[in-house]
1. So, in nm, how far is label residue 11 from label residue 328 when the simple model puts each one 7 Å beyond its Cα toward the Cβ?
2. Could you list the square roots of 5 times each eigenvalue of the Cα gyration tensor of the range 109-168, that is, the equivalent ellipsoid semi-axes, sorted largest first and rounded to whole Å?
3. Taking Rh as the Kirkwood radius computed over C-alpha pairs, what is the Stokes-Einstein D of the chain at 25 °C in a medium of viscosity 0.890 mPa s, expressed in µm² per second?
4. What list do you get for 30, 211 if you sort them by fewest beta carbons within 10 Å?
5. Once the convex hull of the C-alpha atoms of the range 180-295 is built, how many Å³ does it hold per residue, rounded to a whole number?
6. Under the rule a/c < 1.5 gives rounded, and otherwise a/b versus b/c splits prolate from oblate, where does the range 1-99 land using the Cα gyration tensor?
7. Counting only the backbone N, which residues of the range 248-286 are under 19 Å from the spot 7 Å out from the Cα of residue 310 toward its beta-carbon?
8. Using a Förster distance of 51 angstrom, determine the FRET efficiency expected from the C-beta separation of residue 447 and residue 271, and round it to 0.05.
Ligand SMILES: [Zn+2]
């Protein structure tokens, strides 16, 4: 097995992965809050940590990957109320969309996808331990974490305690001992249509506590890798770490891994409040799962990644190039002279999971394979693509690939808009991919270019 090193946000260092239980790795990544359909940015952590699991399994480790779904939250109550619907029904519908949309990425599912609404028992247990240990206090049916009761608070995000804002606004301000404290349990309020019984009264969990409780339930304490978007470091992950440390006397996780955000050309962040959302399902309709996974894999997971039509198009072309290479390779072992490129691919993944460098090695492998006479065995290519969740690019298919369909649709739209130059450009791109549009009995259809 290769020595695997990962960047740890807590120590700001690239450190060797040293599993708590030899041969086994537990990964927990914070999932979506289901108040609307997920946007394409929500897919990044799903892709990063699904691929990380695949890579670690390739290296012989037994991986358990947990990605939660937050189905109790203020945003869900607000959205349900605005739509005049029960909050549980809205959440259930958005969970179904999330599962269907992420399924289309072709990366498989996490081993566990716990719901907050199904973890209320363990959540109450953990809050009780915090109250018993004087790290939390109940006021009028709410329970708050006493931030200054824990010496190391702020270590993960490296923030000065006096400069912090939990982002809870005025909510509970008159009940908190200290503005820095945050909610573990919230008493039922007007307009909330779900609640659970607890020793402090009917209510529902705050957001941060669910992850501490779920991770402990499914992975135990001091598990290996806690992941999520970089925007979650504070307050969410700082609070998760604090709750577990204070309630259990042990760290929550050994390594904290954070992925960068999607960046739009004007440097803004994709968010509902800015109104620049691109739905995951919508982008998948446009380019297909393989191209989208390739798009994400083209950047180092820690860096922000630019989200533009050009970048997506590049990924579509890359997917087509790999398919093309797949048609040329044969079954069986790959030639020994290509081995160093295959090794470079896996070494890049072992070095802080550098998928961008790994992909470069994969493209080098294809280029060198193309120079060899005769049919080249494709075992290396299959092995590399499988770890990225892209082995489907090598599967023979009856119809045109998703990338060609997407180009043909865009060409039709360009023609409709009388943008002939764009339509011609897309036609040429289609031909380069080996496909062309011809008029068939049911209207235009894609056929292999002749
Ligand atoms: Zn979380």
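Nothing in this text is a laboratory measurement; each read-out follows from the coordinates by a stated rule. Just so it is clear, the model here is predicted, and its values are computed rather than measured. Note that each Cβ is placed from the backbone with ideal geometry, even for glycine, and that neighbours are counted across all protein chains shown.
1. According to this spin-label approximation, the distance is 4.4 nm.
2. Square roots of five times the eigenvalues give 24, 19, 12 Å.
3. 103
4. With the fewest neighbours first, 30, 211 line up as 30, 211.
5. 189
6. prolate
7. 262-269
8. After rounding to 0.05, the efficiency reads 0.75.
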